[in-house]
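Accompanying notes for the structure given below.
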Amino acid sequence: MHPAVAIAIFQSFQVKKKKSSNGCKGLPGLQLDRIKKDAFFDTKNNMDKEKYLTQLGNRTALSIGLSAYISFVITSETFSAKQTLPLNQLSVNPTTMLAKGSARIYIVDEAQREHTLFFYQYHDFLSIASGITLQHDATLFIEFLEDSELLLVPGTHIPNLYKLFPEFHQVQAGHHQTFQQNLFNHQLNLSVLNGAERYNRFLSKYKQIAMVCEQKKIASFLGIDAKTLSRLRANPKRK
């Protein structure tokens, strides 16, 4: 979308703000009824889109104009259970959200052993740079643990979001801060908790992932071996 279109959307919403606050319904000039072929304009996917906007703005409120722009350009990508690919081959930007399913980020060492670094679950944003530099020219991979769907604004529109909507800087910073906090908390758990305590924390936060992810991959995330995890699974409340 050309920036002028986004400005028109924003200005149209400013004029119609008092008359309508229901997303695209305040934009008769765009004749959105003509693009029903877009899956995001059926009832179910409209609900998904609203949930997406709610999650995107859960720390910094989205302006009407920003919500309208995103509603107009949002796209989805679907993935099958157990599908893996290098993270740099995935469409990852500050707006990429896991709308369905779960996933893990991992790295493969020189001995071809996988090391799980992070898990994503329903409504998490993939706030990690796909082009991040790693030691020894290693590669980050993502595995979708079950049938999954990503919602995102295409990368070609991201510069417009920063340019046209001042609050988008805060939106992006908020989600990045959440991601950093989660990484810090995990590192803290690895440093101060024993294996049983880490596993109990994992179960409380990642119940669905515990049911769909292979045991050895969870053990890697917890910093323990698979045999230790097997014992903990037999008695998860042991301290």
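The values are calculated or read from the model by the stated rules, or taken from the named source; none is laboratory data. Please read these numbers as outputs of a predicted model, since none were measured by experiment. Every residue, glycine as well, gets a Cβ built from its backbone with ideal geometry; the counts of neighbours run over all protein chains shown.
Close contacts from the stretch 207-224, counting a first residue that is not assigned by TED's automatic domain parsing to the domain that holds ALA81 and a second that is surrounded by fewer than 17 Cβ atoms within 10 Å (Cβ to Cβ) and part of a helix (DSSP H, G or I), with Cβ to Cβ under 6 Å and a gap of 6+ residues or different chains, come to ALA210/LEU203; GLN215/ALA226; LYS216/ALA226; ALA219/ALA226; GLY223/LEU190. Taken together, ALA111, ALA99, ALA103 contain a single residue that is closer than 18 Å to LYS216 by Cβ, small (Gly, Ala, Ser) and either modelled with pLDDT of 90 or more or surrounded by 18 or more Cβ atoms within 10 Å (Cβ to Cβ) (or both), which is ALA103. Taking each residue of the stretch 74-89 that is within 15 Å of PHE141 (Cβ to Cβ) and looking for partners that are of a type in the set (S, T, N, Q) with beta-carbon atoms closer than 6 Å, six or more apart or interchain, yields PHE79/SER148; PRO86/THR139; LEU87/SER130; ASN88/SER130. Determine, yes or no, whether PHE184 is over 23 Å from THR54 (Cβ atoms), out of contact with any helix residue (DSSP H, G or I) (no Cβ under 7 Å at 6 or more places or on another chain) and surrounded by 13 or more Cβ atoms within 10 Å (Cβ to Cβ). When the stated conditions are applied, PHE184 does not pass them. Kindly indicate whether any position in the stretch 219-231 is at pLDDT 95 or above, under 21 Å from the mean Cα position of the chain (by Cα) and outside any loop (DSSP other than H, G, I, E, B). Yes, the stretch 219-231 has at least one match. The residues in the stretch 96-128 that are within 22 Å of GLN187 (Cα to Cα) and part of a strand (DSSP E or B) can be counted, and the count is 14. Looking across the stretch 40-59, the residues that are at pLDDT below 75 and closer than 26 Å to GLN172 by Cα come down to PHE40, PHE41, ASN45. Looking at the stretch 182-200, can you tell me whether even one residue there is polar (S, T, N, Q), farther than 15 Å from PHE221 by Cα, outside any loop (DSSP other than H, G, I, E, B) and without any contact (Cβ under 8 Å) to a residue 24 or more places away in the chain? The answer is no; no qualifying residue exists. Taking the listed residues ASN189, ASN160, ASN200, the one that is touching an Asp or Glu at 6+ places or on another chain (Cβ under 9 Å), surrounded by 15 or more Cβ atoms within 10 Å (Cβ to Cβ) and over 26 Å from ALA81 (Cβ atoms) is ASN189, with no other qualifying.
Regarding LEU62, is this residue modelled with pLDDT of 90 or more, under 17 Å from the mean Cα position of the chain (by Cα) and surrounded by 16 or more Cβ atoms within 10 Å (Cβ to Cβ)?
Judged against the criteria, LEU62 is not a match.
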